[in-house]
Amino acid sequence: MDWVKIIHLLCVMGWMTSIFAVPRALIYWKREYAKLGAFGPLGDLTVRLYRFSAALAVIALITGLVLAQFWAWAPWIHVKLALVALLVVHYVWTGKMVLRAKRGAFRESDLFLRIFNEISVVGVIAVLWVVVVKPF
Ligand code: HEM
C-alpha cells in the first residue's frame with residue numbers, strides 16, 4: 001500500500017501545480033493575447049500544463065479511492081472526499097476559462113482570477129488538515 005500512497009502523493013503534487021498556477025497564468029495569458037492579438041507561447045504553456053495535470057488528477061483520485069478502501073472508509077475520508085469534490089469543481093471551472101481563453105475570450109477580471117486562485121489554497125489546506133490530523 002506504500003507505493004499506492006507514494007503515487008497518490010506524487011500525482012496530488014502534479015495536480016496542485018495546475019490548481020495553483022493556471023488561474024494566475026490566465027492573467028498573463030490575457031496580457032499576451034492583448035499584445036499579440038493571437039494564441040501565443042504563454043497560452044500554449046498554460047493549456048499544456050492544464051492538460052498534463054488533468055491526467056495526474058485522475059490518478060490521484062483513483063489512488064485516493066484505493067487508499068480509502070484500505071482505510072475502510074473512515075469518517076475523515078468522507079469529509080476529505082467532499083472537500084476534494086469542491087477542488088474538482090474549482091478545477092473544471094478553471095478548465096472552462098482555459099477553453100474560452102483558447103478562443104480569445106477572457107471574461108474574468110484580474111482581481112477575480114487572483115481571488116479564485118486563493119480560494120483553492122484554502123481548500124487544499126483544509127484537505128491536508130483532514131488527512132494529516134484525521135479528526136474523526
Ligand atoms: C478521491 C480523493 C481522495 C481520497 C479518497 C484520498 C484518500 C487518502 C487516504 C485514504 C490516504 C491515506 C492516509 C494515511 O495513510 O495516513 C491519503 C493520503 C494522503 N492524501 Fe489523499 N485522497 C484523495 C485526494 C487527495 C488530494 C486532492 C490531496 C491534496 C490536496 C490529498 C492529500 C493526501 C496526503 C498529503 C496524504 C498523506 C497523509 C499522511 O501520510 O499523513 N489526497 N489520501
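In the condition set (1) within 11 Å of the ligand (Cβ to nearest atom); (2) open to solvent by 80 Å² or more (accessible area, probe 1.4 Å); (3) among the small types (Gly, Ala, Ser), Ala82 is compliant with all but (2). Condition first: within 16 Å of the ligand (Cβ to nearest atom) and of a type in the set (Lys, Arg). Now tell me which residues in the stretch 1-41 satisfy that. The answer is Lys5, and nothing else. So how many residues does the stretch 98-115 have that are in a helix (DSSP H, G or I) and touching a Phe, Trp or Tyr at 6+ places or on another chain (Cβ under 8 Å)? Residues flagged as in a helix (DSSP H, G or I) and touching a Phe, Trp or Tyr at 6+ places or on another chain (Cβ under 8 Å) within the stretch 98-115 amount to 4.
For Ala101, the criteria (1) near the ligand (Cβ under 9 Å from one of its atoms); (2) of a type in the set (A, V, I, L, M, F, W, C); (3) surrounded by 15 or more Cβ atoms within 10 Å (Cβ to Cβ) hold in every case but one, which is (1).
Contact annotation: residue pairs with Cβ atoms under 8 Å, 6 or more positions apart or on different chains, pairing a residue in the stretch 63-77 that is β-branched (Val, Ile, Thr) with a partner that is open to solvent by 60 Å² or more (accessible area, probe 1.4 Å), are Thr63/Lys5; Thr63/Ile7; Ile77/Trp71.
Take the residues of the stretch 119-136 that are more than 12 Å from the ligand (Cβ to nearest atom) and open to solvent by 90 Å² or more (accessible area, probe 1.4 Å): which is farthest from Met13 (Cα to Cα)? Here the residue is Phe136. The sole residue among Thr94, Thr63 that is surrounded by 14 or more Cβ atoms within 10 Å (Cβ to Cβ), within 12 Å of the chain's Cα centre (by Cα) and either within 11 Å of the ligand (Cβ to nearest atom) or not aromatic (Phe, Trp, Tyr) (or both) is Thr94. For the stretch 41-60, how many residues meet the condition of being closer than 26 Å to Lys30 by Cβ and open to solvent by less than 70 Å² (accessible area, probe 1.4 Å)? Result for the stretch 41-60: 12.
The values are calculated or read from the model by the stated rules, or taken from the named source; none is laboratory data. Values in this document were obtained by computation on a predicted structure and should not be read as measured data. Positions of Cβ are generated from backbone atoms using ideal geometry, with glycine treated the same way; all protein chains shown enter the neighbour counts. Just so you know, the surface numbers come from the protein's heavy atoms only, side chains and all, with ligands and any DNA or RNA stripped out. Shrake-Rupley method; radii C 1.70, N 1.55, O 1.52, S 1.80 Å.
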